[in-house]
Amino acid sequence: MKLDLIIIGAGPIGLACGIEAKKAGLSYVIIDKGCLVNSIYNYPYNMTFFSTSDRLEIGGVPFISHGPKPNRAEALEYYRRVCSSWDLEVKLYEEVKSVNKHQQFEVQTAKGKYQSMALILALGFYDRPFLLNIPGEELPKVKHYYNEPHPYFRQKIVVIGAANSAVDVALETWRKGAEVTMVIREPSLRESVKYWVKPDIENRIKEGSIKVYFDSDVKIIRETSVEVQTPQGMINLENDFVLAMTGYEPPFDF
């Protein structure tokens, strides 16, 4: 299939590019290996956006939310409506296998081949987690994605990370009955932690409800424990789950 433009990634940016291509009268296709706005679909179930709904609008389609800031379910509904309103040409669950350029771009997917004069990579940063690269990371108890707190009720969990995701996970799982320990490489929480959440996590740490080890690293993960290097030396913690909120990187390895 020969086109003017191929867009890889059906997230908000990919959809916005598709809208502009359609407005310009270009032939195009948006390709994604997952569902529509796949990254948002994989966000925690109870996630609320930082931004207000008006700042997330694309294509002139109003984004109405019930609260001051929209949640995951509202965002999924909104982007489905955007795609339908603009009747965007989207190919979902079609993984890109290779991208080559000769006189034009050639994109081979699991289902077909596309050619175009221009290519946009709208891949986002939620596809691959930054790995710890330590023994035991392959165990089923280690999670790089977090959905909801219920599975961690009355479980001993270690949360790795110092930014918003780690803080949100620590607070939410603790409130739902988990025994939470945070392991943080830095000497403190990140300054980027949401201002309305930071006092909450700081107070939970201060009162001892959530334990924290700063300037520390998880070195080995075992079936029932983790070994942590702290400024005072190596310690062994009983543990049921490790939630590694270490960030993500885009998939550039076609």
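Worth pointing out:
- Peptides 181-193, 27-39 ordered by packing proxy, namely the average of other Cβ atoms within 10 Å per residue, highest first: 27-39, 181-193.
- Projecting the Cα atoms of 220, 173, 235 onto the charge dipole of the chain, computed from C-beta unit charges around the Cα centre, puts 173 farthest toward the positive end.
- Convex hull volume per residue in cubic angstrom - Cα atoms of the chain: 147
- Given +1 at the Cβ of Lys and Arg, -1 at the Cβ of Asp and Glu and no other charges, the dipole of the chain around its Cα centre is 300 debye to the nearest 20.
- Residue pairs, from the table 69/141; 143/211; 22/113; 111/141; 23/194; 2/33, whose Cα atoms sit over 30 Å apart: 69/141; 111/141; 23/194
- Label-point gap, in nm, between residue 110 and residue 77 - each point 7 angstrom along Cα→Cβ: 3.0
- Dipole magnitude for segment 134-248: computed about the Cα centre from +1 point charges on Lys and Arg Cβ and -1 point charges on Asp and Glu Cβ, it is near 200 debye.
- Take 223-231, 2-10 and order them by the average number of nearby Cβ atoms within 10 Å per residue, most first; the result is 2-10, 223-231.
- Global form of segment 1-136, assessed from the alpha-carbon gyration tensor, a/c cut-off 1.5: oblate
- Counting only DSSP beta bridges whose two residues both lie in segment 2-121, roughly 45 percent are antiparallel.
Laboratory data are not the source of any read-out in this text; all were calculated from the coordinates shown. Everything numeric in this text was worked out from a predicted model, so none of it was measured. Heads up, the Cβs are rebuilt from the backbone with ideal geometry, glycines too, and the neighbour counts pull from every protein chain shown.
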